[in-house]
1. In region 85-181, which helices (runs of 4 or more DSSP H) lie fully inside it and hold 2 or more residues that are closer than 27 Å to residue 57 by Cα, touching a helix residue (DSSP H, G or I) at 6+ places or on another chain (Cβ under 6 Å) and in contact (Cβ under 8 Å) with a residue 40 or more places away in the chain?
2. Go through the residues of region 1-9 one by one and say whether even a single one is under 22 Å from the mean Cα position of the chain (by Cα), at pLDDT 95 or above and part of a helix (DSSP H, G or I).
3. Can you tell me which residue among 67, 30, 15 is surrounded by 13 or more Cβ atoms within 10 Å (Cβ to Cβ) and farther than 18 Å from residue 122 by Cα?
4. Can you confirm whether region 37-52 contains a residue that is farther than 15 Å from residue 18 by Cβ, without any contact (Cβ under 8 Å) to a residue 60 or more places away in the chain, in contact with a helix residue (DSSP H, G or I) (Cβ under 7 Å, 6 or more places away or on another chain) and in a helix (DSSP H, G or I)?
């Protein structure tokens, strides 16, 4: 157990960099999609730059961080098998599964944009960007609170937070439309 705190620290560091990568990649998707509406040669210059930035972020930071976070998480579960007897851990693992699905969908979008295929709007991407935020809130509250009653409050809080994010996005969209008029 002398290595437990080192492994926990490494797990947390890679979870943070994983989320940083997920937050930023979707912002790059937004910029990349917006660049397609620019006139030549600005469009070509920007899309090539966003492809390069996305590629580096995705393969140098985000994917390695995801893999290392999962490796250190499994190591922690091996060191602390009693956690697998706790209900909150199964809920947390469910959210981690959702996060992995989120990353895989981001990977699909990344590959499409790398090929020059734009299948989503910037509005969709702005809302999509909140997916990782909601999962982050859920996992942090779950890990800190660890009991059912607080977890129920956490779920209600996540739902309310999601509604606020959606309302915030609609408000932001109106402001952008007014500024572009």
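The values are calculated or read from the model by the stated rules, or taken from the named source; none is laboratory data. Because the structure is a prediction, the values reported are computed rather than measured. Cβ sites come from the backbone with ideal geometry, for glycine too, and all protein chains shown count toward neighbours.
1. The qualifying helices (runs of 4 or more DSSP H) are 87-114, 122-145.
2. Within region 1-9, one or more residues are under 22 Å from the mean Cα position of the chain (by Cα), at pLDDT 95 or above and part of a helix (DSSP H, G or I).
3. Sole residue among the options that is surrounded by 13 or more Cβ atoms within 10 Å (Cβ to Cβ) and farther than 18 Å from residue 122 by Cα: 15.
4. yes
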